[in-house]
Amino acid sequence: MLGVSQSMVSRAFTPSASISEKKRKMILEAATKLGYTPNAIARGLISKRSGLIAIAIDNKNNPMYDLLTRELSLYIQQQGYQVVLCSIDQDDLELAVQRAIEYQVDGLIIATSRLTSRALARCETYGICLCLLNRFIDDLPANSISLDNYHAGELAARHLTEQGFRQLAFISGERNTLTSEKRWLGFSESLNRQGYPAPLFVQSQYDFNAGMKTAMELLNQSSLPDALFCANDIIALGVIDGLRSRGLSVPKDLAVMGVDDIPMSSWPAYQLTTIQQPVRHLVELSVNDLLKRIKEEQEITGDYIMVQGSVIKRESTSNASSSSTI
């Protein structure tokens, strides 16, 4: 009817495929008149690819995971693939990986700190291409894309000292998590290089209620720091509410800073200064890296690709009423 090949018809229905807009429009208009839609299952049988990308992500009450899931899903679909969401509940990454295997996904993006060697080995056994987002493991057959967490700690130290704070503290996430450890190292080592007093380290968890509890515990100490750098925003928001529940004002009595720049951070009730994760850039790097290996355009190198964040200055560390990006 149109005098075009089967492969060209397939490319017309694939958003990222190489085809002129004129031919794409011609094919799509003809398909509409004929009531034709591509059969993804049949196409998968021919190509021996499912066209599915799985996302294994923490099922925690943290808006950062929701933001990552949404951006990953949108970008994957823009590349002509569909998403299988495998939420990780009760630390069970292996169950999430099993779901991905059952759907015969072409690739898997893992965004969790709860990695197990057994789960990763199963991916390798079934030939599933992997990419880690905001996580890193040595000798893993996958590339890792992450915020530069050490640099984030350095940025926090520089910002707080430039604001005039000297007695500082770090509120951590869970023990033995790479993100929290690197942010602490960047923060404490930067302060040491600048000649400031060693910051206080306070163990906590990546959780709003843990942030509130940590704030209460800090207030029971004989002396308070001037400012707190929290390992992520959700801890920081809990800390702010905990301080306010005891009659303290932020930043008048104590300044607070986080990492992530989740939507709630800019709410008038919080106006939290934070290190912004470049979510869209991280997502694009992760998906593009995975697709190159699915298409066999790139070998596994085991690289750790880090992207730097930026300070979003708000009222929680300053009396200024306006927000700006540093």
Could you check, for segment 155-164, whether at least one of its residues is under 21 Å from the mean Cα position of the chain (by Cα) and basic (Lys, Arg)? no
In segment 105-121, what residues are buried (at least 17 other Cβ atoms within 10 Å of the Cβ) and modelled with pLDDT of 75 or more? 105, 106, 107, 108, 109, 110, 111, 112
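Tell me, which strands (runs of 3 or more DSSP E) wholly within segment 228-313 include 2 or more residues that are modelled with pLDDT of 95 or more and over 14 Å from the mean Cα position of the chain (by Cα)?
Qualifying strands (runs of 3 or more DSSP E): 255-260, 273-276, 310-313.
Picking from 109, 101, 137, which residue would you name as being among the β-branched types (Val, Ile, Thr), part of a helix (DSSP H, G or I) and either on the phi > 0 side of the Ramachandran plot or assigned by TED's automatic domain parsing to the domain that holds residue 61 (or both)?
Numbers: 109 fails: part of a helix (DSSP H, G or I); 137 fails: part of a helix (DSSP H, G or I).
Just a single option satisfies the conditions, and that option is 101.
The values are calculated or read from the model by the stated rules, or taken from the named source; none is laboratory data. Here the structure is a predicted model, which means the values were calculated and not measured. Quick reminder, even Gly has a Cβ in these numbers, built from the backbone with ideal geometry, and neighbours come from all protein chains shown.
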